[in-house]
Every structure is written in C-alpha cells, then in structure tokens.
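Below is one structure, written out as structure tokens; the observations come after it.
Values in this text are rule-based calculations from the coordinates and carry no lab data. Bear in mind that the values here come from a model prediction, so they are computed numbers and not experimental data. Here the Cβ is made from the backbone with ideal geometry for all residues, glycine too, and neighbour counts use every protein chain on show.
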Amino acid sequence: MKLGRLKSRHPPVETAIALQTSDSTSSTRWRESWDQAAQNGGNLLPCIETFPPGFDLPRRTWVSLNRARTNCGRCADMFHKWGIQDVSSACDCGAEKQTVHHIILECPLRKFTGSLEDFMTGREEAIEYLNNLDIQI
C-alpha cells in the first residue's frame, strides 16, 4: 500500500509568489503583522526594529542576559525538569526550587539588587551581576 504525502495548507510556492507580487517590503509586512498581533493582545513588548540592548556583548553574557529576560535558563529546577540532573530542584540556599526568577530576585545568596527592567534595558549593573554570578544561568 502506497501512502501519499499530505498536502501543505500553505505551500511555500504560493507564499513566494504572494511576496513577489506584493507592493510592500518584508519590514512593512513584519510591522503590520506585529501591530495586528498587538491589537489582539498577543504582544507585550514593542516591535523591535533594531538590535536589543546587549546584542554586542560576548556570546556567553548575551545568552545569560536573554535567559534572565525570559526567565528560562540553566538552573536546578530546569535541570531536574529536563531529567539532566538526578538531584532535587532545590536551591543551595534552602529554597524549594531554584529557578531563574528565584536566583535573580529572591535568593539570599545571589539576589540582584536592581530590578528586572535592568536586564531588559541591558544596564551595566545587570551585566556585571551576570558576569560575576557564581553559577551560569
């Protein structure tokens, strides 16, 4: 028995033709799509039309900065969740879970003295904190 391949609902050829015949540029289409999603409550952040703060940092710092921004990074809770670490998801400070949020805002051993906004804007204090942190998030 030979099974046929499922047809794509959005074939790339149709998309390519639509883009070629359109009068708008890709950046215009991106802006329109972003604005439409924002009207529907889908975007909490403004449209980024330039590189975000910290883009020019060394890769290791840039990655840590984005992990702090997204609250998803290398920590005991995530290692436990991913099955990478056989130990508990507890923090060495005694907290039940070591999450990025806990490390940055709550942990008595590692807490950042500034705000989350400092990571979003790439303030020097936040970058220095990440570079001097005893664990890599």
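When residues in segment 90-117 are screened for being surrounded by fewer than 17 Cβ atoms within 10 Å (Cβ to Cβ) and among the hydroxyl-bearing types (Ser, Thr, Tyr), 2 of them pass. Screening the candidates 78, 120 for the property of being buried (at least 16 other Cβ atoms within 10 Å of the Cβ), part of a helix (DSSP H, G or I) and within 14 Å of the chain's Cα centre (by Cα) yields one hit, 120.
Among the residues of segment 85-103, those that are over 13 Å from residue 72 (Cα atoms) and of a type in the set (S, T, N, Q) comprise 85, 88, 89. If we keep just the residues of segment 104-117 that are more than 23 Å from residue 55 (Cα to Cα) and hydrophobic (A, V, I, L, M, F, W, C), which is nearest to the chain's Cα centre (by Cα)? Within segment 104-117, the match that is nearest to the chain's Cα centre (by Cα) is 105. Going by what's in this entry, would residue 87 be described as part of a helix (DSSP H, G or I) and surrounded by fewer than 17 Cβ atoms within 10 Å (Cβ to Cβ)? No, not satisfied.
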